[in-house]
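The values are calculated or read from the model by the stated rules, or taken from the named source; none is laboratory data. What you see is a predicted model, and the numbers here were worked out from it, not measured in a lab. Using ideal geometry, Cβ is built from the backbone for each residue, glycine included, and neighbour counts are taken over all protein chains shown. We work out accessible area using only protein heavy atoms, side chains counted, and drop any ligands, DNA or RNA first. Shrake-Rupley method; radii C 1.70, N 1.55, O 1.52, S 1.80 Å.
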Amino acid sequence: YLKYIVKHKANMIGPGRQLGVKWSTLLKHDLDKLQPNRFRQYSDWFYGFKGLKGSKDPALHKKWRDTVDTHYQQNLHHAHKIGTPQPLENQLEALSDWYSVNKTNKQTTLRFSDWYQQNKSRLNITDDVKSVADAVVEKERSSK
C-alpha cells in the first residue's frame with residue numbers, strides 16, 4: 001500500500017502543478033493515510049486476505065469505510081463528497097487526484113490533458129475548475 005501511495009502522489013504532481021496547485025498542497029495530499037491506524041485499514045482492505053482481493057469480510061469493509069469517511073471529512077479536496085463547498089485550489093487538487101487514481105490504477109495511460117478532454121463531460125467539477133483545466137489543455141495544444 002505504501003508503494004501505491006507513493007505512486008499516487010507522484011502521479012498528482014505534474015497535473016497539479018499544471019493546474020496551479022501549490023507544492024505544499026500537493027506534498028500534504030493524503031498524508032493522513034500514512035497514520036498507522038488508517039494505513040492499516042487501507043492496506044488490509046486493498047491487499048489483505050480478508051479484504052478486496054480475498055473474502056471481503058463485512059467487518060473489515062466497515063472499518064475501512066469508516067476510515068475513508070473520516071479521510072473525506074478531514075481533507076478539503078474531498079469536501080464535495082460530503083456536500084461542503086471547497087476552495088478552488090482544493091477543487092483543482094481533487095481533479096488531479098481523480099486523474100492520479102486512474103493513472104495509478106492503470107485505468108488510463110493518457111497524459112492529464114488528454115484524460116481531462118476525454119472525461120470532462122463526466123466529471124463533477126465547477127465552471128471555475130473547467131476554466132483552469134481548459135486553459136491547461138489550450139496551453140499544451142498551442143505549444144505543439
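Relative to the dominant Cα principal axis of the chain, helix 58-74 is inclined by about 40°. Each 5 Å bin from zero holds the following percent of Cα-Cα pairs in the range 84-144: 4, 17, 29, 25, 16, 7, 1, 0. For the chain, averaging the sequence separation of C-alpha pairs within contact (under 8 Å, six or more residues apart) and dividing by the residue count gives a relative contact order of 25 percent.
Between Lys120 and Arg17, what FRET efficiency follows from the Cβ-Cβ distance if R0 is 25 Å, with the result rounded to 0.05?
About 0.85, to the nearest 0.05.
Which angle from 0 to 90°, rounded to the nearest 10, does the C-alpha axis of helix 127-142 make with the longest principal axis of the chain? Computed tilt is about 60 degrees. Pairs from the list Lys103/Lys139; Lys50/Lys103; Lys7/Lys28 with a Cα-Cα gap above 24 Å: Lys50/Lys103.
The order of Thr67, Thr109 by accessible area, most exposed first and with a 1.4 Å probe, is Thr109, Thr67. Rolling a 1.4 Å probe over the protein heavy atoms gives the chain an accessible area of 59 Å² per residue. Calculate I(q)/I(0) for the range 12-97 by the Debye formula, one identical point scatterer on each C-alpha and no solvent, and give its log10 at q = 0.19, 0.22, 0.23 Å⁻¹ to two decimals. Normalising to I(0) and taking log10 leaves -0.87, -1.00, -1.03. Angle of helix 2-18 to the longest C-alpha principal axis of the chain, folded into 0 to 90 degrees and rounded to 10: 20°. Given their separation in residues at 0.36 nm each and the Cα-Cα distance between them, Asp32 and Arg141 gain 35.6 nm when the chain is fully extended. For the chain, the mean residue ellipticity at 222 nm estimated from helices alone is -20500 deg cm²/dmol, where every DSSP H run of n ≥ 4 contributes -39500 (n - 2.57) and the total is divided by all residues, rounded to the nearest 500. A straight Cα-to-Cα reach below 18 Å connects Lys56 with the aspartates and glutamates Asp44, Asp66, residues fewer than 8 places away in its own chain not being considered. Nonpolar atom fraction for the chain, defined as the carbon and sulfur part of the 1.4 Å probe accessible area, stands at 54 percent.
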